[in-house]
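Data first, discussion second: the structure below is written as structure tokens.
The values are calculated or read from the model by the stated rules, or taken from the named source; none is laboratory data. A quick note: this is a predicted structure, and the numbers were derived from the prediction, not measured. Note that we place each Cβ from the backbone using ideal geometry, even for glycine, and neighbour counts take in every protein chain shown. These area figures cover heavy atoms from the full protein model, side chains too; ligands, DNA and RNA do not enter into them. Shrake-Rupley method; radii C 1.70, N 1.55, O 1.52, S 1.80 Å.
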Amino acid sequence: MITRAFRSTLLLVCSIALLTAASGSQADAQSKPGSSKKILYLTHSAGFKHEVLPHSEQVLTELGKKAGWFTVDVTQDCAKLNAVDLKQYDAIAFYTTGELPITDQQKADLQAFVEGGANRVILATDGDFNVGTVDQNALETLVADQRKSGIALTTLGFGTGNYNDQLLERLADAGNGNYAYIDTLSEARKVLVSEVSSTLMTIAKDVKIQVEFNPAEVLEYRLIGYENRMLAREDFNNDQVDAGEIGAGQAFGRAGTS
């Protein structure tokens with residue numbers, strides 16, 4: 001069973017890995033005097049306030065000090081999300097609940113802040129949405145609309161019990177992103193450290209793969225892992241039908257034939 005404190009630690013590992021990818025490597029920061037990265041950590045709670053928030057603020061700040069390659073400014077003030085203040089930072093981390101009370105101008109400032117970078121929303125949740133937009137179809141529509149503007153969605157699943165695995169996978173598919181279930185620190189390290197490039201950097205969009213087997217060589221086959229991404233035959237040449245994405249370093253192949 002995952003405790004709240006353990007879940008908070010996992011979320012912090014995810015945040016640090018993502019911030020590393022966004023703002024440069026640890027080696028680069030350490031090799032350049034005065035090149036320590038600066039991170040804005042927003043912990044505003046528009047709805048339910050998690051008990052672990054003070055813990056997460058302390059841990060992330062201390063990790064930055066001990067590592068010596070990034071500093072953290074913690075705030076609950078959404079007013080900090082403006083063009084002038086954002087110029088001070090190399091990356092932003094969010095640990096929030098509910099819809100943030102920000103203006104359209106602030107949304108535009110955030111969009112400008114990430115232009116030229118990996119424009120991706122990372123949603124870390126158990127999938128049990130109970131604040132703001134909660135209807136599953138409305139959520140998929142929202143994610144798909146954002147996808148058209150160039151913002152992808154990666155979903156990271158945490159927790160047990162009321163965990164909604166299917167919804168998180170559907171949202172990631174709608175957002176041209178990927179989905180992973182994080183239940184251990186080693187899995188967090190795999191997804192957001194060793195495989196961070198394939199997680200964050202999309203190198204090919206709407207990829208379709210068609211495979212035909214020679215019946216003289218292949219007696220039977222089995223598709224594993226892509227059952228919900230199969231296309232109807234008539235949709236294969238239709239570019240308006242959403243297909244799959246490939247991240248940097250990902251590979252596909254066959255396990256064998258019989």
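Leu110: net charge of surrounding residues, Cβ under 12 Å, Lys/Arg +1, Asp/Glu -1, itself excluded? Please report the intermediate quantities before stating the final value.
Numbers: positive: Lys80, Lys107; negative: Asp85, Asp104, Asp109, Glu115.
Once positives and negatives cancel, what remains is -2.
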Q) Heavy-atom accessible area of Val218 with all protein chains present, probe 1.4 Å, nearest 10 Å²? A) 30
Q: Evaluate the distance, in nm, between pseudo-label points positioned 7 Å from the Cα of Ala46 and of Asp242 along their respective Cα→Cβ axes.
A: 2.2
Q: Give me the net charge of Val241's neighbourhood, meaning all other residues with Cβ under 10 Å from the Cβ of Val241; Lys, Arg count +1, Asp, Glu -1.
A: -4
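Please compute the length gained on full extension between Asn82 and Phe129, using 0.36 nm multiplied by the number of residues separating them and subtracting their Cα-Cα distance. Mind dumping the intermediate values first?
Working: separation 47, 0.36 × 47 = 16.92 nm, distance 2.76 nm.
So the extension gain works out to 14.2 nm.
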Q. Which links in Lys80/Lys205; Lys65/Lys87; Lys38/Lys208; Lys107/Lys205; Lys49/Lys148 stretch past 30 Å when you go from one Cα to the other?
A. Lys80/Lys205; Lys38/Lys208; Lys49/Lys148
Q. Roughly how many Å² of Lys205 are accessible to a 1.4 Å probe, to the nearest 10?
A. 130
(Q) Can you give the FRET efficiency to the nearest 0.05 for Gln136 and Leu223, using r as the Cβ-Cβ distance and R₀ = 30 Å? (A) 0.70
Q. How would Phe236, Phe213, Phe70 rank on accessible area, largest to smallest, probe 1.4 Å?
A. Phe213, Phe236, Phe70
